[in-house]
1. Residues of the range 282-305 being assigned to a loop (DSSP other than H, G, I, E, B) and surrounded by 23 or more Cβ atoms within 10 Å (Cβ to Cβ), which ones?
2. What pairs come up if the first residue lies in the range 17-43 and is on the phi > 0 side of the Ramachandran plot and of a type in the set (Ser, Thr, Tyr), the second is assigned to a loop (DSSP other than H, G, I, E, B) and buried (at least 20 other Cβ atoms within 10 Å of the Cβ), and their beta carbons are under 7 Å apart, counting only those six or more places apart or on different chains?
3. Using beta carbons and a limit of 6 Å, which pairs, at least six apart or on different chains, have the first residue in the range 230-241 and under 14 Å from Val276 (Cβ atoms) and the second one buried (at least 24 other Cβ atoms within 10 Å of the Cβ) and among the aliphatic types (A, V, I, L, M)?
4. For the range 244-272, what are the residues that are outside any loop (DSSP other than H, G, I, E, B) and either at positive phi or within 18 Å of the chain's Cα centre (by Cα) (or both)?
5. Any residue that is in contact with a Ser or Thr (Cβ under 8 Å, 6 or more places away or on another chain), buried (at least 20 other Cβ atoms within 10 Å of the Cβ) and not in a loop (DSSP other than H, G, I, E, B) - is there at least one of those in the range 4-14?
6. What are the pairs, 6+ residues apart or on separate chains, where a residue within the range 203-221 that is over 20 Å from Ser190 (Cα atoms) has its Cβ under 9 Å from a residue that is among the hydroxyl-bearing types (Ser, Thr, Tyr)?
7. If the Cβ limit is 8 Å and pairs must be 6+ apart or interchain, which residue in the range 69-97 that is farther than 19 Å from Glu14 by Cα pairs with which residue that is modelled with pLDDT under 95?
8. Restricting the range 6-35 to residues that are closer than 12 Å to Leu52 by Cβ and of a type in the set (A, V, I, L, M, F, W, C), which is nearest to the chain's Cα centre (by Cα)?
Amino acid sequence: MPHLFDPLKIGPLELENRIVIAPMCQYSADEGSATDWHVIHLGGLALSGAGLLITEATSVSPEGRISPDDLGLYSDTNEAALERVLSAIRRHSRIPVATQLAHAGRKGSSASPWTGGRQIAPDAPRGYQTVAPSAIPHAEGEHAPLSLDETGLVRIRDCFASAAARAARLGFNGIEIHMAHGYLLHQFLSPLANQRTDAYGGSLENRMRFPLEIYDVVRKSFPADRPVWARISAADWVEGGWDIEESIALAKELEVRGAAAIHVSSGGVSPHQKIVLGPGYQVPFAAQIKASIGLPTIAVGLITEAEQAEEIIASGNADAVALARAMLYDPRWPWHAAAKLGAQASAPPQYWRCQPRDVGDLFKAAQHGQR
């Protein structure tokens, strides 16, 4: 059996293989609420045979959305809309589903990528005022965010706690806290975005303080028998920015607090980043973190081929691989990986007869319903 299809435990949550569907923003929500698109999109991915499905970045407050079309979990209406999506998935798939709770910070109030992706001014239609650790815009020419005062910090902590409670009621199998890609919690971590002089800025300990407080309130608000973990950017790819050594320190602090895993990405906090792209370009970060802590690590970033994913797991560089764009391009990627590697993947019985004759016994008999 290929190692990619070995089971894995993330805290108390058991995955039947090590393929994770990474969060992918769809910019298709209605005032933060999931729509028919999410039923179709997430429903299709739920039939993929992956071990875990993580929904897109889901904002804990209206102003925390990346765009006005982003998903949210800050109102009863949002919660009801997501319940519809999850109910549809659970009728036909046993895949565990986690939500990624997020706040965009200064990168909020942005247009969708296919309409340009530029910042929408707070006084423009559909725009809103952003907040951040410091009143520094993400890019030159953008409207500056408001620097969060103590009242603002309390409000955001409360929003994360409330969203985690909603996620618990919805029955999500886990929560990933978004501390990556230049969004609010990453902004607190990075000295490029955080120039505070109070207890939340300056030293590494201070810059980690607010993200760790967010972890604590989410963990407290979510059932103990379901895991909470974080996605981090391991490096800013900018001189003087957040780096891998600081990421290892953060991972160790999260481990002490009971985090179930570390999902290792990179970049996003500065338009001046100089990322060296290549197949699996972020895997070395995941390997360094894995070697430093006792938690499962999830590698992500230009992982596209079954043999490549298998090598990452078999070599011990990561415990799981997350796929985003590759899953959009090929929503049955786990099936095809299983066929290439001589393994089995779950599939609904409605699809069993599509199995090619030359790949052997590819499909597991999958039971319907929630795990």
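1. Gln282, Gly301, Ile303
2. Listed by first residue and then by second, the contacts come to Tyr27/Ser67; Tyr27/Asp69; Tyr27/Asp70.
3. Ala234/Val264; Asp236/Val269
4. Ser247, Leu250, Ala251, Leu254, Glu255, Ile262, His263, Val264, Ser265
5. No, the range 4-14 has no match at all.
6. Qualifying pairs under 9 Å: Ser221/Ser162.
7. Going by the 8 Å Cβ cut-off, the qualifying pairs are Arg91/His368; Arg91/Gly369.
8. Taking the candidates together, the pick is Ala22.
The values are calculated or read from the model by the stated rules, or taken from the named source; none is laboratory data. Predicted model only: the values in this text are computed from it and were never measured. Ideal geometry is used to build each Cβ from the backbone, glycine not excepted, and the neighbour counts take in all protein chains shown.
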